[in-house]
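Undergrad: This is the structure I want to talk about, given as structure tokens.
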Amino acid sequence: MIDDKLNVITPFGPSIAKVKIPEKILKKLNDHVDKVVNDEKLHKKFDAGKDLVGNVAQEIFLTPEIIKKSGWLSFLANATGAWIKYITKKKLQNLP
């Protein structure tokens with residue numbers, strides 16, 4: 001899934017993986033964040049800015065449920081696995 005869309009660059013030593021997030025996942029995450037931002041109670045509940053360094057506004061905490069439901073967890077795991085396989089020639093086991 002990810003292998004053909006993985007671009008690995010090494011501009012200064014350590015490699016960097018570049019992948020494109022699928023529109024379907026972006027839409028689910030954006031819809032969720034819009035819902036949270038537009039609901040005052042949810043916005044207060046999921047405001048992550050207070051736990052970050054500096055004056056950060058509208059940083060939304062993503063719950064494990066939304067991370068899984070949106071496909072974000074699977075995408076990140078597969079992208080990371082593809083990157084590691086590309087660099088080390090070893091396949092990770094037990095990816096979600």
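Undergrad: Please state the charge dipole magnitude for the chain, taken about the Cα centre, from unit charges on C-beta atoms (+1 on K and R, -1 on D and E), reported in debye and rounded to the nearest 20.
TA: Working: 17 positive and 11 negative charges, 91 e Å.
Here the size comes out at about 440 debye.
Undergrad: Semi-axes of the equivalent ellipsoid for region 3-88, please: Cα gyration tensor eigenvalues, times 5, square-rooted, ordered largest first, whole Å.
TA: 30, 17, 10
Undergrad: Also, I was wondering about something else. Rounded to the nearest 0.05, what FRET efficiency do L62 and K89 give with R0 = 30 Å and r taken as the Cβ-Cβ distance? Could you check?
TA: The computed FRET efficiency comes out at 0.40.
Undergrad: Name the residues whose placed amide hydrogens come within less than 5 Å of the amide hydrogen of I60, ignoring near sequence neighbours (fewer than 5 apart) on the same chain.
TA: A48
Undergrad: Counting only trypsin sites (Lys or Arg not before Pro) that are in a DSSP loop and have at most 12 other C-beta atoms within 10 Å, tell me the longest site-free stretch of the chain.
TA: For trypsin sites (Lys or Arg not before Pro) (loop position, at most 12 other Cβ atoms within 10 Å), the longest site-free span of the chain is 21-88.
Here, each number is a calculation from the coordinates, and none is a lab measurement. Just so it is clear, the model here is predicted, and its values are computed rather than measured. Virtual Cβ from ideal backbone geometry, glycine too; neighbours counted across all protein chains shown.
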